[in-house]
Amino acid sequence: MDPNETVLVGCIGGSGLYHLDNLTVVKKIHVNTPWGEPSSPITISSLPSGALIAFISRHGPHHTITPSEVPNRANIAALKSIGVQAIVAFSAVGSLREEIAPGDFIIPDQVIDRTKSLREDTFFRNEGVVVHSMFGDPFSNKLNAFVAPRVQKILEEQHDGPVKLHTGKTVICMEGPAFSTRAESLMYRQFGGDIINMSVVPESKLARECEIDYTLICTSTDYDAWRVGHAPVTVEEVVKTLHTNAGNARAVAAGLLQDVHDVVAEGKVLDEIKGCMRFACVTRSDVQPEAAKKKLSFILPYFA
Ligand SMILES: CSC[C@H]1O[C@H](OP(=O)(O)O)[C@H](O)[C@@H]1O
Ligand SMILES: Nc1ncnc2[nH]cnc12
């Protein structure tokens, strides 16, 4: 990328959201990272103001990548390498609460990780460099707070009637690809889960390791498997809601990304994540392997 064309904001589309609307595509770029290639070429588009947005389709443009196989490290590292400082990610989720109906939007603020160690969830394994990132608040609180009222406003103005937004919720991330059993679904409710997906981990963890502000805008597609007297979720049910949800998600993206770009460009508001990795490394610099330092400098300046 030309340094004058730095892209500050990235967008990751999930199930049903394979491209954005109302933006002018500038180019599609193939970024190779030390962790391989992203799920899709990165589409660089311009907003009416000329600001650039980078888009990756999490499961590939034709949905060929399972949740366990998403090359999350490559996706996040590629976005970081082109200058991205904030990611607005989208996800289709199941609801674990009666009051979160299919079609509703949710911006969670907590995560419970129920993935099964099949996924590469850190840039710092087998490198000879030990790093522990802070992850108590898995999303950027400031970005969440910035985005929520704007999403609310956009959803109030949807032409088929207002769409409900829930905030302050907990997302369970399961491994999949099979959906949960009824017993698991009930257990997740007891854990305190409000919604469930298969993708927020490790995407959010890796964004944190790259010091990227990360927010997840979820759209509810189903009631999972916990409701007595109701059939458990199927893909057919998910797909029914996915189309409408994706339309609403595109409207949200179109209305939101300029504001997110502007607040990131100001460089003042989203300052809670930037710099968080500076003191996260336990391994003294003089014993860090040179090859690891070179590799890790792709994502963090501290290793250069
Ligand atoms: C198609 S249903 C299960 C699938 O949908 C969600 O994908 P994404 O988060 O990328 O929107 C969920 O996490 C599962 O991967
Ligand atoms: N019920 C569910 N479980 C996991 N991921 C989902 N994505 C959409 N619905 C889901």
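Only the coordinates and a few stated rules stand behind these numbers; no lab work does. Treat the numbers as computed from the prediction; the structure is a model and nothing was measured. For neighbour counting, all protein chains shown are included, and Cβ atoms are generated from backbone atoms with ideal geometry for every residue, glycine included.
So what's the angle, to the nearest 10 degrees on a 0 to 90 scale, between helix 182-191 and the longest Cα principal axis of the chain?
On a 0 to 90 degree scale, this one is about 60.
Viscosity 0.890 mPa s, temperature 25 °C: what is the translational diffusion coefficient of region 1-59 from Stokes-Einstein with a Kirkwood Rh over Cα pairs, rounded to a whole number of µm²/s?
204 µm²/s
Roughly how many Å is it from the Cα centre of region 67-86 to that of region 209-244, as a whole number?
When both Cα centres are located, 22 Å separates them.
Once you keep just the Cα pairs under 8 angstrom separated by 6 or more residues, what percentage relative contact order results for the chain?
25 percent
Taking only C-alpha pairs under 8 Å that are 6+ residues apart, what is the relative contact order of region 157-234 in percent?
Reported relative contact order: 32 percent.
I need the phi-derived Karplus couplings for region 208-218: 6.51 cos²θ - 1.76 cosθ + 1.60, θ = phi - 60°, integer Hz, Gly and Pro marked x.
Working through the residues one at a time gives 4, 4, 8, 6, 9, 5, 10, 10, 10, 9, 9 Hz.
Give me the percent of DSSP beta bridges within the chain that run antiparallel, rounded to the nearest 5.
Expressed as a percentage, antiparallel bridges in the chain total about 35.
Please list, in chain and number order, the residues 5+ apart from residue 40 or on another chain whose amide H is under 5 Å from its amide H, with Hs placed from the backbone.
57
Taking a quarter of the surface of the Cα convex hull of region 169-284, what do you get in nm²?
Taking the Cα atoms of region 169-284, their convex hull projects to 10.1 nm² on average.
Check residue 214: other-chain or 5+ apart residues with amide H under 5 Å from its amide H, H built from backbone geometry?
Sorted by chain and number, the residues that satisfy this are 87, 140.
Mind jotting down a quarter of the surface of the convex hull over the alpha carbons of region 1-119, in square nanometres, one decimal?
8.8 nm²
If I fit a long axis through the Cα atoms of helix 141-156 and take the longest principal axis of the Cα atoms of the chain, what angle between them do I get, 0 to 90°, rounded to 10?
40 degrees
Per-residue counts of other Cβ atoms within 10 Å, averaged by peptide: what ranking do you get for 258-266, 8-16, highest first?
8-16, 258-266
At residue 101 and residue 135, where each label point lies 7 Å from the Cα along Cα→Cβ, what is the point-to-point distance in nanometres?
Between residue 101 and residue 135, the label points sit 3.6 nm apart.
Taking R0 as 30 Å, what FRET efficiency do you get between residue 291 and residue 68 from their Cβ-Cβ distance, rounded to the nearest 0.05?
0.60
What three numbers, in Å, describe the spread of the alpha carbons of the chain along their principal axes, ordered from the longest?
62, 44, 34
Based on the Cα gyration tensor of region 263-304, what are the three equivalent ellipsoid semi-axes, each the root of five times an eigenvalue, rounded to whole Å and given largest first?
Taking √(5λ) for each Cα gyration eigenvalue gives 26, 12, 6 Å.
Using alpha carbons only, how many degrees (0 to 90, rounded to 10) separate the axis of helix 72-81 from the longest principal axis of the chain?
Around 50 degrees separate the two axes.
Treat every Asp and Glu Cβ in region 9-303 as -1 and every Lys and Arg Cβ as +1, leave all other atoms uncharged, and give the resulting dipole magnitude about the Cα centre to the nearest 20 debye.
Computed charge dipole of region 9-303: roughly 580 debye.
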